[in-house]
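The values are calculated or read from the model by the stated rules, or taken from the named source; none is laboratory data. Everything numeric in this text was worked out from a predicted model, so none of it was measured. Cβ placement follows ideal geometry from the backbone for every residue including glycine, while neighbour counts extend to all protein chains displayed. Ligands, DNA and RNA are stripped out before the accessible areas are found, and what is left, the full protein with its side chains, is counted by its heavy atoms. Shrake-Rupley method; radii C 1.70, N 1.55, O 1.52, S 1.80 Å.
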Amino acid sequence: MRAILGGTFDPPHIAHLVAGEAARGQLGVDRITYIPAGRPWQKLGTGVSEARHRLRMIELATEGIDYFTVDDREVHRDGWTFTIDTIDSFGGEEIVMIIGADSAKGLPTWNRADELLDRARIAVVPREGVRREEVEGVIDGDIAWLDMPGLDVSGTMLRRRVSEGRSIRFLVPDSVRDYVIANRLYVMPA
């Protein structure tokens with residue numbers, strides 16, 4: 001069984017890593033595969049960083065953790081990135097898809113959502129402000145809720161902090177923070 005955690009990772013942060021750790025311990029999987037989105041259609045017009053930056057940051061974030069791997073298949077795919085296409089690309093392999101509760105409650109709007117739910121087991125990361133009932137009311141089937149500390153960290157919040165000149169230390173791995181600084185990501189042009 002393969003557990004995948006996809007996302008824009010713009011930037012990857014501690015909640016992504018803690019979710020992977022929780023999934024490994026609770027779902028009986030040996031490896032968590034992080035898959036950065038190539039061109040996420042639901043983020044159209046939101047100014048997502050270039051895929052090469054997001055890929056490199058998740059590589060840095062997971063470096064040295066032998067049961068975390070990064071898969072770049074979406075970054076190299078032409079066109080919009082749809083989760084069902086990624087799931088299908090794993091063939092008949094059994095998949096657990098780890099997603100935040102905020103994303104899970106919107107899952108019915110995803111491309112070919114019914115097929116996705118037939119192909120993958122869903123593991124949900126609790127998120128502040130999203131009740132279980134909201135998720136369970138829109139997703140039929142077996143949902144695994146990950147037991148992990150509440151970490152109210154988001155890419156939106158981190159990008160805003162950087163653009164305001166505020167620190168993101170301890171909210172992202174040091175290697176990611178260093179990459180953001182070195183590549184002047186999220187900084188408003190002069």
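Between Ser163 and Glu94, 0.36 nm times their residue separation minus their Cα-Cα distance comes to what?
On the way: separation 69, 0.36 × 69 = 24.84 nm, distance 4.05 nm.
Length gained between Ser163 and Glu94: 20.8 nm.
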Honestly region 69-160 on the Cα gyration tensor test (a ≥ b ≥ c root eigenvalues; a/c under 1.5 rounded, otherwise a/b vs b/c for prolate or oblate) is just oblate
Based on the alpha-carbon gyration tensor of region 118-163 and its eigenvalue square roots a ≥ b ≥ c, which shape applies: rounded if a/c is under 1.5, prolate if not and a/b is larger than b/c, or oblate? prolate
Asp66, Asp174, reordered so the largest accessible area comes first (probe 1.4 Å): Asp66, Asp174
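What per residue convex hull volume, in Å³, do the alpha-carbon atoms of the chain yield? Let's see the in-between values first.
Numbers: hull volume 22.7 nm³, N = 190.
Convex hull volume per residue, Cα atoms: 120 Å³.
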Two-decimal ratio, region 74-116, of alpha-carbon radius of gyration to 2.2 N^0.38 Å: 1.20
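Express the accessible area of the chain per residue in Å², computed with a 1.4 Å probe while the remaining protein chains stay in the model.
Values: 9800 Å² over 190 residues.
Accessible area per residue, the chain: 52 Å².
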Debye calculation, C-alpha points only, no solvent: report log10 I(q)/I(0) for region 49-95 at q = 0.15, 0.16, 0.17, 0.21 Å⁻¹, in the same order as the q values. -0.49, -0.55, -0.61, -0.86
With a Förster radius of 30 Å, plug the Cβ-Cβ distance of Val48 and Arg112 into 1/(1 + (r/R0)^6) and report the FRET value to the nearest 0.05. 0.85
Mind grabbing the base-10 log of I(q)/I(0) for region 112-190 at q = 0.10, 0.14, 0.18, 0.26 Å⁻¹? Debye formula, identical points on the C-alpha positions, no solvent, two decimal places. -0.41, -0.69, -0.84, -1.19
